[in-house]
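Working notes, beginning with the structure itself.
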Amino acid sequence: MGILHGFDRLRLRGTLRQLYSPSVMEAYLSTQHILLKQFGALVQATSQQVKRATQALAEKLGRPLVYVGSSVRSKEELARQIAQREGIKEGLIGVLSCVEPCRSYSLRGNAQTKHLELRLEWRKCLHFYFYFEHPKFGFMHLRLQSWFPFQVEICLNGRHWLARQLDESGVAYRKRENCLVWVEDPLKAQQLLDQQVQLDWAKELEHLLRQCHPTAARIARPMSLNYYWSVSESEYASDVLFRSPEELARLYPSLVHHAVSSFSSSDVMRFLGRKVPTQTGRIHSNFKGEMISDLKQRPEGIRVKHSLSGNSVKFYDKQGSVLRVETTLCRPQEFRVWRGPESGGRTRSKTKGWRILRRGVADMNRRAEVSKASNERYLSALASVSDTVPLFEWTRQVCRPIQRNGRRYRGLNPLCPQDKGLLQAVSRGEFSVNGFRNRDVRGLLWKGRASEKEQRRRTGRVGRKLALLRAHGLIRKIGGTHRYVVTDKGRTTLTALLAACQANVAQLTQLAA
C-alpha cells in the first residue's frame, strides 16, 4: 500500500551542561556566596521549590499527582489508565512520581587535601513524570529530576505526532498503538513526517520545560545558564504497509530465514553506514567493535535485530499487516555530518568539513538522513528474499483471479501456450530499456501478413492481454506514450515462471531431492 519513513520513539535530554563539572558547580555556589558546607541546605531548599511547583501545576489543572512505589511498574500503562478512566483527550493527564537512580552531587572529604569537595555520583532521588495528550505531539511525557543538576528527559513518538497532523489535515487513517496500519493518502502522510524533522526543536522543548519546570529559570539565573537539548536515543522506522495480514504472513517466514541465514557481519556494517572494502568484502583488521545478530520470539511475532557498537537495525511484523524496519541510534558519533566547527572548539579551521554527528538537536536532519539510508539499505537486502521463496508462494497471486476497479481479471496460466508466449514476448531483452508497444507484441505472437480486419482483431486481443498483465502488476504504462515496461515484481515473477516452464523433469527431480 505504501511505505512511511519517519521517527518512531525519540528520547530527548535537557541538561545544564556546565553544572556537570564539579569546578563549575563550585563556581555556581560562589556566585551566590554559598559555602561548600552549605551545599546540602541549598539542595534541599531548591528541591522543595521544584516539588511545590509540581504540586501547584497538578492542582491548578485538576490532575492527579500519584506516587509510584516501584520503578519497575509501567508508568506509561498507569498514565493510559488514568487518561481512559477520566476521558482525557488533550492536555495534562497526570503527574507520577518515583524514586529512581540519577547522577547528582555528594559532598565528600578528601583525605589528602583535608578539604571538602563535590563529587558527581550515582544516587537516587525523586523524579516527576508529566504525562500529556499533547495538542501537537500526542501521547508523550517529560521526566524531571528533582535534585541538582535537574536533568530533564522528554519522550515522544513520531507516529502519535503524525496522527495529530493527519487529524489537522483531514486525512483518514487507522491507528493501533504507535502504528498506522492504513492511511488514505500515504504521500501526504510522508510529507507530514518529513515536516517533523524541520521542527524548531529548541523552541518547542523550551516551551515544555517552562510548563513543567518553572523553577528552571531561577536555578539557571546565577550563571545565566541555558538547557542544552540533545537526543539520547532515536528510533527511525520505515513501515511497509501491506494490504492485508495474509499478504505479510505469506512472506514473513522467508524474510526471517533470509535475514538470519544470509546477512553477514560485513552486511550489518554496510547497513549501519560503515565502510567495507569492496574488493574483499572483509572487515578491516583494525575494527574493534562488537556485532550481534539475534532473533527473538515476542508475543506479537518474531523480531530480527543486528547491533553494531551501540547502534542497531531490526525488523519485525507490527500489528499483523505492517513490516517495520527500524534503525536505533545511541552512538551518533559513528556517523558524519557536513558542518562547521562548534564555537569554542579546539580546532583552528573555520571551514566546513565532515565531522562527527553530534547528539544535539542541531543535527536532527542528518540523524534522520543516516537512519533512513540504513533502513533503505536493509529493505533492499530483504528484497532479494524472492530467491528463497517457494515458486508457488511467489506466483500464486498472478495465477488466480483478482478484482481491480470493480472488474474481474482471470489468473495467468504459464503452462498454457498462449499465456507462455505472451510472457516470453514482454520479457524480451530488447524491451528492457525503451519498453514495448502493442504492435511489438503482435509481431511476436503472430507471423505473416494479415487483413486490415484481422489486424484490428489482433490489436484488441493484445490490448486485453496487456490490461491483464497491468492488473496483476507485472507491467506498467509509461506516461504520455503507448509503451509499457515490466515492473520489478514482474521481472522477478516472469523470470521464475519461465524458468520453471523450461526446466526438465530431471532438473525438477534433483531440486526436490
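Modelled spin-label separation between residue 292 and residue 80, with each label point placed 7 Å from Cα along the Cα-to-Cβ direction: 2.6 nm.
What FRET efficiency comes out for the pair residue 266/residue 482, r = Cβ-Cβ distance, R0 = 35 Å, nearest 0.05? Computed FRET efficiency for residue 266 and residue 482 comes out at 0.15.
Each of 405, 244, 360 was scored by the projection of its Cα onto the charge dipole of the chain, and the greatest displacement toward the positive side belongs to 405; charges sit on the C-beta of Lys, Arg, Asp and Glu.
A straight Cα-to-Cα reach below 28 Å connects residue 318 with the lysines 75, 89, 136, 175, 188, 296, 305, 372, 489, residues fewer than 8 places away in its own chain not being considered. Taking label points 7 Å from Cα along the Cα-to-Cβ direction, residue 243 and residue 185 give a separation of 2.2 nm.
Okay, helix-only estimate at 222 nm for the chain: each DSSP H run of n ≥ 4 adds -39500 (n - 2.57), divide by all residues, round to 500 deg cm²/dmol; what do you get?
That comes out to -12000 deg cm²/dmol.
Here's how it looks for residue 181: its modeled amide H is under 5 Å from those of 174, 175, 176, which are all 5 or more places away or on a different chain.
Counting only alpha carbon atoms, the long axis of helix 452-471 and the longest principal axis of the chain meet at about 30°. Using the Stokes-Einstein relation with a Kirkwood hydrodynamic radius computed over Cα pairs, the translational diffusion coefficient of the stretch 1-127 at 10 °C and a viscosity of 1.306 mPa s comes to 87 µm²/s. Relative protection proxy for 438-448, 321-331, from highest mean packing down: 321-331, 438-448 (other beta-carbon atoms within 10 angstrom).
Cβ-Cβ distance of residue 336 and residue 194, R₀ of 22 Å, FRET efficiency by 1/(1 + (r/R0)^6): the value works out to about 0.50. Axis angle, to the nearest 10 degrees, between helix 186-197 and the longest C-alpha principal axis of the chain: 30 degrees.
With R₀ set to 45 Å, the beta-carbon distance separating residue 174 from residue 112 gives a calculated FRET efficiency near 0.10.
Plainly put, the stretch 151-282 has a radius of gyration that is 1.10 times its Kirkwood radius, both from alpha-carbon atoms, as the Rg/Rh ratio.
Applied to the stretch 307-319, the Karplus parametrisation 6.51 cos²θ - 1.76 cosθ + 1.60 on θ = phi - 60° returns per-residue 3J(HN,Hα) values of 10, 9, 6, x, 9, 8, 9, 8, 9, 7, 8, 10, 6 Hz, with x for Gly and Pro. Against the chain, whose longest principal axis is taken from its Cα atoms, helix 39-61 shows a tilt of about 50°. Over the stretch 11-232, the hull volume per residue, using the convex hull of the C-alpha atoms, is 135 Å³. Taking every DSSP bridge with both residues inside the chain, close to 95 percent are antiparallel. Put a plus charge on the Cβ of each Lys and Arg, a minus charge on the Cβ of each Asp and Glu, and nothing anywhere else: the dipole of the stretch 11-232 about its Cα centre is then about 720 debye. Give the percent of DSSP beta bridges with both residues in the stretch 11-232 that are antiparallel, rounded to the nearest 5. Around 95 percent antiparallel, to the nearest 5. Counted residue by residue at 0.36 nm each, then reduced by the alpha carbon distance between them, the extension gain from residue 123 to residue 449 reaches 108.2 nm. The charge dipole of the chain, taken about the Cα centre with unit charges on the Cβ atoms of Lys, Arg (+1) and Asp, Glu (-1), comes to about 1500 debye, rounded to the nearest 20. Of the peptides 223-229, 367-373, the ranking by mean beta-carbon count within 10 Å, highest at the top, reads 367-373, 223-229. Distant-in-sequence amide contacts of residue 232, defined by a placed amide H-H separation under 5 Å and a gap of 5 or more residues or a different chain, comprise 11, 12, 13.
We did not get these values from a lab; they are worked out from the coordinates using the rules stated. Computed from a predicted structure; not experimentally measured. So basically every Cβ, Gly included, is an ideal-geometry build from the backbone, and we count neighbours across all protein chains shown.
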